[in-house]
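Let me begin by presenting the structure, written as structure tokens, before commenting on it.
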Amino acid sequence: MKWDVSISTNGEEYYSSTDNLTTQEEQMPGYAYLLPGYALLNGEYQNAPDVIPEGQSGYTSSQISDAGGEFSDAPTLRIVFDRLKTSRGITLDFNGISGDYASKLNIKWFKNGELVENLDFSPTSNTYFCEASVKLHNEVVITFQKTSRPYRHVWVAKITNYRLVDAGGLKIVYGDIALGAKENAEYSCNDGGHLDSLKIKHSFPDVALNYPGYALLNGEYKSYDVFPEAGYISRAVSDENGVFQAGIIQPGAALVPHQGLYPSSHFGVPTLTASFSDRYSSQGISLIFNDHSGDYCSQLTITWYRGTEELAQERFYPNGYEYFCYHPVEYYDKVTIAFEKTSRPYRPVFLTDIQYGLGRTFLDDEAKNVDCCIELSPISEEISINMLNFTIRSKSNIAFNFQRRQQMKLYFDENIIGIFYLKSGKRVSKTDYEVNTEDAVGLLDTSEFKGGIYNDEPVKNVVAAIFEDQNINYFLDQTLQEQTVTGYLPAGSRRESLAQVAFAIGASVNTAYDLNLYIYPRNTGIIKPHAGLHPGSGLKPGMRVTKESFTKTNTMSGLTINHSDITTGARVYAHTYIKSDESEELYKDTLTGIAEITFSEAHHSLAITGGTITAYGDNWATITGTGGEVVLTGKKYTHLTTIHEKTNPNISQNENLVEVKEATLVNPKNVNEVLDRVYDYYSSNESVSCRVLLNEEELGDIVSVDTDFDGTRMGAIKKMDFTFTREMTAEVEIG
């Protein structure tokens with residue numbers, strides 16, 4: 001999806017547009033540019049207006065090449081992705097109208113700022129495939145060094161990346177952790193060491209520390225005026241054998257005064273204590289030490305407590321800077337880690353991360369019977385729950401501590417397919433475990449949202465309330481944030497409330513192919529009118545353009561064209577809510593303590609006798625009583641509806657209207673927009689189902705498919721049911 005990409009340049013014309021370069025082909029304006037030998041007298045070029053319309057015309061560099069086609073300041077495109085990608089090459093579509101292209105260019109691929117690959121190319125046509133083999137990266141820099149003709153801009157209509165195949169295949173990353181423990185822990189140490197928050201994961205900085213043999217003279221260690229955050233670094237330093245000494249300080253003339261130290265005081269090995277306000281269970285504890293120098297603690301003892309009761313204790317002998325201390329313990333609320341020895345002499349403890357549980361990675365030799373299905377409703381009349389189910393045939397003796405909401409990330413050839421959360425897991429044999437998961441929408445479906453009456457409330461506020469305290473990362477497209485909603489959300493699941501909001505504003509909700517849940521404008525692929533649209537390209541306003549095409553080469557056998565009953569029109573209800581003076585009893589009972597009351601419909605002007613209202617909303621109230629009778633009353637809203645219809649004038653028989661009656665955020669102000677969307681969406685009664693070989697196609701993309709027997713069909717990918725082998729295929733529904 002285009003929302004995970006940002007594109008910048010070092011200079012472009014004011015009308016240039018890079019927004020859609022990686023998602024759909026932009027149309028070069030057919031203007032007669034005042035460049036030597038550019039505009040032919042063949043009727044395909046038009047005079048440019050005084051002000052060229054902005055956008056929808058692709059990238060046009062502000063730099064113009066010289067007489068040799070070269071640049072003193074080479075035009076550059078920088079593409080940054082918010083997720084890692086792979087590439088077996090990039091196709092560049094240049095100026096298809098004039099045939100101009102960049103005849104010499106360089107492409108660099110970066111991963112988190114580090115160069116991964118650097119290649120030069122010499123294109124020979126206005127569409128050219130730059131073949132490469134690049135593993136994980138999240139930044140691409142394309143430098144255009146020469147044009148095919150002198151005195152030319154660089155024009156780019158589309159950039160298409162082709163993901164790398166045979167780059168690892170199927171991978172499932174499972175966080176078998178005690179959910180919430182890391183965030184809940186409060187830490188202390190016994191030696192006054194350097195202690196940053198261990199609620200987050202650190203990477204040890206490249207700082208040059210003054211320990212024997214620590215900072216190598218290889219350019220990888222630096223001096224800092226302010227010491228960066230690093231986790232826990234003990235004040236105590238191990239001896240020549242790497243051992244931390246413990247004992248009693250004896251009086252002596254050479255004793256140096258130091259806070260907390262005095263004659264006859266005890267000192268122990270560096271010890272970190274984690275205290276929790278709740279109880280947790282895990283299969284052990286994962287520790288990461290100094291991931292820059294490779295230093296670690298080679299001997300330590302962990303003790304688990306429940307209150308003052310010692311539950312378990314075990315000594316561990318790590319053999320690297322990442323180590324899992326396996327020891328299943330249930331319902332602990334305190335942990336101490338005593339560090340006893342370091343892997344090198346004269347070292348403190350370096351601890352950059354601690355996790356209560358284990359991160360596990362399963363490839364196709366352990367992940368069996370993988371069943372993944374993802375769906376998207378373009379107009380959000382409902383929001384589907386995507387699912388991932390599979391069997392773990394474990395090669396490890398470490399058992400699993402299944403806990404609801406544990407996270408699973410599904411990859412294929414290092415490309416993210418989605419994030420899923422554990423719904424259920426069970427052991428079915430000595431080595432096999434069955435795992436059922438759902439996406440973030442499934443989590444929203446199990447959590448209640450209190451709803452309320454809204455009057456021109458910004459969408460960003462309502463969405464933020466729906467996601468509050470859910471620990472789900474979401475992205476709301478900026479074009480939707482300041483839109484407003486008016487109407488009513490009944491108390492119900494957060495999934496239902498999100499669907500109501502998305503339906504009312506014309507948004508799609510998608511959790512696939514990313515680390516976030518995305519809320520963005522429906523992708524129709526419709527070309528909007530603009531003055532720069534070139535009439536000779538065969539495109540015109542109202543036509544649909546596609547990101548990818550499924551042809552005979554990547555479409556499997558078994559394609560079907562499906563037809564549902566013809567929809568003759570749409571009927572949508574607009575809702576209005578007006579405060580009335582009609583009062584009714586909402587609660588009447590003896591009450592001692594606290595009660596939360598949920599109303600079947602919205603009320604205002606709440607009043608109480610015999611108790612106290614401590615918190616309230618349109619759909620609920622929290623009240624308290626002291627043992628007597630408590631009566632809660634509220635005034636109703638008058639609910640008015642008006643019916644709006646749109647019918648197909650060409651169909652007069654067999655009426656079949658789509659009715660939208662319960663969308664209570666549809667109101668007199670937005671009802672016509674909603675009606676048009678519903679009518680347009682259901683006007684097509686045709687869809688295509690087929691199995692396809694996937695490249696960069698994603699859920700929600702507008703694609704075309706060659707049926708091989710009834711022409712080409714075009715539509716959005718609404719469903720993908722995956723099969724993972726050496727390649728990734730999916731049974732798709734396009735409509």
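The values are calculated or read from the model by the stated rules, or taken from the named source; none is laboratory data. The structure displayed is predicted, hence computed values, not measured ones. Note that each Cβ is placed from the backbone with ideal geometry, even for glycine, and that neighbours are counted across all protein chains shown.
Some points to look at:
- When the range 41-76 is filtered for residues that are free of Cβ contacts under 8 Å to residues at least 40 places away in the same chain and of a type in the set (A, V, I, L, M), the ones remaining, listed by number, are L41, A48, V51.
- Taken together, R404, R393, R360 contain a single residue that is among the basic types (K, R) and crowded, with 16+ Cβ neighbours inside 10 Å, which is R360.
- Considering G113, G89, G69, the condition of being assigned by the TED database to the domain that holds S133 and touching a Cys at 6+ places or on another chain (Cβ under 6 Å) is satisfied by G89 alone.
- Pairs linking a residue in the range 103-125 that is under 15 Å from V80 (Cα atoms) to a residue that is acidic (D, E) and assigned to a strand (DSSP E or B), with Cβ atoms under 6 Å and 6 or more positions apart or on different chains, are W109/E117; F110/E139.
- Residue in the range 676-688 that is of a type in the set (A, V, I, L, M), in contact (Cβ under 8 Å) with a residue 60 or more places away in the chain and part of a strand (DSSP E or B) present: yes
- The listed residue being part of a loop (DSSP other than H, G, I, E, B), more than 26 Å from the chain's Cα centre (by Cα) and among the small types (G, A, S), out of S197, S203, S125, S188: S125
- Candidates S133, S203, S197, S148: the one that is on the phi < 0 side of the Ramachandran plot, surrounded by fewer than 19 Cβ atoms within 10 Å (Cβ to Cβ) and in the same structural domain as G37 (by the TED database) is S133.
- Segments classed as strands (runs of 3 or more DSSP E), wholly inside the range 1-116, with at least 2 members that are surrounded by 15 or more Cβ atoms within 10 Å (Cβ to Cβ) and modelled with pLDDT of 95 or more: 76-93, 102-111
- Inter-residue pairs, beta-carbon under 8 Å, first more than 17 Å from R152 (Cβ to Cβ) and not assigned by the TED database to the domain that holds N138 and in the range 10-24, second surrounded by fewer than 17 Cβ atoms within 10 Å (Cβ to Cβ) and modelled with pLDDT under 90, 6+ apart: none
Residues are listed down the side, and each one gets a yes or a no for (1) assigned by the TED database to the domain that holds G357; (2) among the small types (G, A, S); (3) surrounded by fewer than 19 Cβ atoms within 10 Å (Cβ to Cβ):
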{"residue": "A399", "(1), (2), (3)": "no, yes, yes"}
{"residue": "V435", "(1), (2), (3)": "no, no, no"}
{"residue": "G451", "(1), (2), (3)": "no, yes, no"}
{"residue": "P458", "(1), (2), (3)": "no, no, yes"}
{"residue": "A465", "(1), (2), (3)": "no, yes, yes"}
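- Selection count, the range 222-234, where residues are part of a loop (DSSP other than H, G, I, E, B), on the phi < 0 side of the Ramachandran plot and either surrounded by fewer than 16 Cβ atoms within 10 Å (Cβ to Cβ) or touching a Leu at 6+ places or on another chain (Cβ under 8 Å) (or both): 7
Every residue, every condition in (1) in a strand (DSSP E or B); (2) closer than 30 Å to A570 by Cβ; (3) without any contact (Cβ under 8 Å) to a residue 12 or more places away in the chain, yes or no:
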{"position": "G359", "(1), (2), (3)": "yes, no, no"}
{"position": "F362", "(1), (2), (3)": "yes, no, no"}
{"position": "N369", "(1), (2), (3)": "yes, no, no"}
{"position": "I374", "(1), (2), (3)": "yes, yes, no"}
{"position": "P378", "(1), (2), (3)": "no, yes, no"}
{"position": "I385", "(1), (2), (3)": "no, yes, no"}
{"position": "I398", "(1), (2), (3)": "no, no, no"}
{"position": "Q403", "(1), (2), (3)": "no, no, no"}
{"position": "F420", "(1), (2), (3)": "yes, no, no"}
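- Among the residues making up the range 438-497, those that are within 18 Å of H603 (Cα to Cα) and assigned to a strand (DSSP E or B) are F449, G452, I453, Y454, N455, T486, G487, Y488, L489, G492.
- Pairs with Cβ under 8 Å, 6+ apart, first in the range 460-478 and within 8 Å of L517 (Cβ to Cβ), second of a type in the set (S, T, Y): Y474/Y518; F475/Y518; F475/Y520
- From N672, N685, N695, residue being farther than 25 Å from E731 by Cα and either over 28 Å from the mean Cα position of the chain (by Cα) or at pLDDT below 90 (or both): N672
- Residue list for the range 674-686, restricted to those being surrounded by 18 or more Cβ atoms within 10 Å (Cβ to Cβ) and in contact with a Gly (Cβ under 7 Å, 6 or more places away or on another chain): R677, Y679
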